[in-house]
Amino acid sequence: MSPADDVRARLQARSGGSGDAEPVRLPARRFVDRAFYEAERAEVFGRAWLLAGRLDEIARPGLYMTWEKTRVPLLVVHAVDDVIRCFYNSCRHRGAPVVRVPRGRNRALRCQYHSWTYDTSGKLVSVPDERDFVDLRREERSLVPVACDIANSAIFVNEAPEGGLGSWFGGAGEELTVESEGLRTLDQRSVTLPVNWKRVIGNLLASPPAPPRPGLGAPAITDADAELVDGGHLRIVAPFDAAGASALGLSGPLDWANLSDADLPTIAGLGPMLSSTATTWVFFPNLFVTYTPSGIFNFTVWPGDEETTLLEATWLAPDWGEEDAPVEHPAWRERIEWAQARLDAVAADLEGAQDEMKEPARQGLSLQDDCEAVRLWNENLDSHLRAVVPPDTLTGAAPGEVRSPLAT
Ligand code: FES
């Protein structure tokens, strides 16, 4: 059975389900504790493949950009040999930032402190007054590399990879055959929220994105199917309701077909399920990718600390070549306004949520069975943390347990 048939069968089976499963608790402490957050930084963000940007941001050799979304200063370079590389943005002399501006273009990277200079492969190529440095071996002072790889024109970085980017994609890599090489960033906007990042993830999982389709607005979606796939990623398929499906030309919410969006160029390789539903892949830990036939919408969720989160919303559109970006096209205007409305809605939903979690009597969040995706995602997060955080902070821990000290 193909993945799409499997999803359809589960969606058919769930209609009329009893919905009487026991709620699962997420202990409050996992949302407020500094040590829990530090464990996430080390065990999750320090080891995962993370989206650092897109090739179109450093399209030509010599272009570079700094990247600090995980609070570790990195430097992503389109090297003169046409390879994309990533380094710690830290000079091998005394550790000053090699690059201080967020973006630039140069054939060499010169630290402004004492002018040690590196080529775009990271090699130290010039040291002023080199004779003053006794025993300096340039070959031992290259910039420290960070693993970096490309998938569908997206740049991923990983400080401590256990495997390549392909194996990290796991089952998703085989399932997604979308040809998004020619996509460009059309619009990106963000909001910083005073709340733990897992509350933001939970909010997005509980109401998956259903972007507007040209001429139709944002179709209403029905119960979603959420499945954790190989690699710890989630596939969430939300069918449109009967009216939305009919407006798209489908004979029913589960009768999927290869659709295109009126007036807009189509992304090749989507397949019937991705083009006929609001399907979101949630790549662990923090990247949401929602498909439409004419554009891909991303949310990325970046913890600043245990109670601050940067939420970014990005629209990718098929390459518009030398023309102006189609931001004034009515369909794209509607989509960009929708993205802003989603950011505003998340901010409104979570207003005061962090303070609520800190109330002494608060036992945490209770997940009903309609929050299956939230449970699956949190259990997967726990699988990375189980060895370093106490049991009473994990998904499903019973309320009122004696608090054990967090490992530091
Ligand atoms: S710290 Fe970079 S040259 Fe001295």
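The values are calculated or read from the model by the stated rules, or taken from the named source; none is laboratory data. Computed from a prediction, not measured in an experiment: that's the story for all the values here. Because the Cβ atoms are built from the backbone with ideal geometry, glycine has one as well, and the counts that use them run over all protein chains shown. Ligands, DNA and RNA are excluded from the accessible area calculation, which covers all protein heavy atoms including side chains. Shrake-Rupley method; radii C 1.70, N 1.55, O 1.52, S 1.80 Å.
Table for the structure above
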| item | result |
| --- | --- |
| Virtual spin-label span in nm between LYS123 and GLN340, 7 Å along Cα→Cβ | 4.9 |
| Set of lysines near LYS123 by C-alpha distance (under 20 Å), chain-local residues within fewer than 8 positions excluded | none |
| Cα-only Debye scattering, the stretch 210-291: base-10 log of I(q)/I(0) at q = 0.13 Å⁻¹ | -0.40 |
| Rounded, prolate or oblate (a/c below 1.5 giving rounded, otherwise prolate when a/b exceeds b/c) for the stretch 222-346 by Cα gyration tensor | oblate |
| Net charge of Cβ neighbours under 12 Å - reference ARG92; Lys, Arg +1; Asp, Glu -1 | +3 |
| Relative contact order of the chain, pairs being alpha-carbon contacts under 8 Å that are 6 or more residues apart, as % | 21 |
| Along principal axes, Cα extents of the chain, largest first, whole Å | 79, 61, 39 |
| No Cys partner within the rule (Cβ under 4.7 Å), the chain | CYS371 |
| Accessible surface, per residue, of the stretch 305-344 when the full set of protein chains is kept, probe 1.4 Å, Å² | 48 |
| Solvent-accessible surface ranking, highest first, for LYS69, LYS123 at 1.4 angstrom | LYS123, LYS69 |
| Inverse mean reciprocal Cα-Cα distance (Kirkwood Rh) of the stretch 1-107, Å | 18.3 |
| The stretch 280-290 - phi-based ³J(HN,Hα) in whole Hz, Karplus 6.51/-1.76/1.60, Gly and Pro as x | 10, 9, 10, 7, 4, x, 9, 10, 9, 10, 10 |
| Relative packing of peptides 272-279, 293-300, 313-320, 90-97 - highest average C-beta neighbours within 10 Å first | 272-279, 293-300, 313-320, 90-97 |
| Residue-count net charge about ARG30 - beta-carbon cut-off 10 Å; Lys, Arg +1, Asp, Glu -1 | -3 |
| Shape of the stretch 50-158, Cα gyration tensor, a/c cut at 1.5 | prolate |
| Amide H contacts of ALA151 (H built 1.01 Å from N, under 5 Å, at least 5 apart or other chain) | PHE156 |
| Per residue, the convex hull volume that the Cα atoms of the stretch 114-244 enclose (Å³) | 218 |
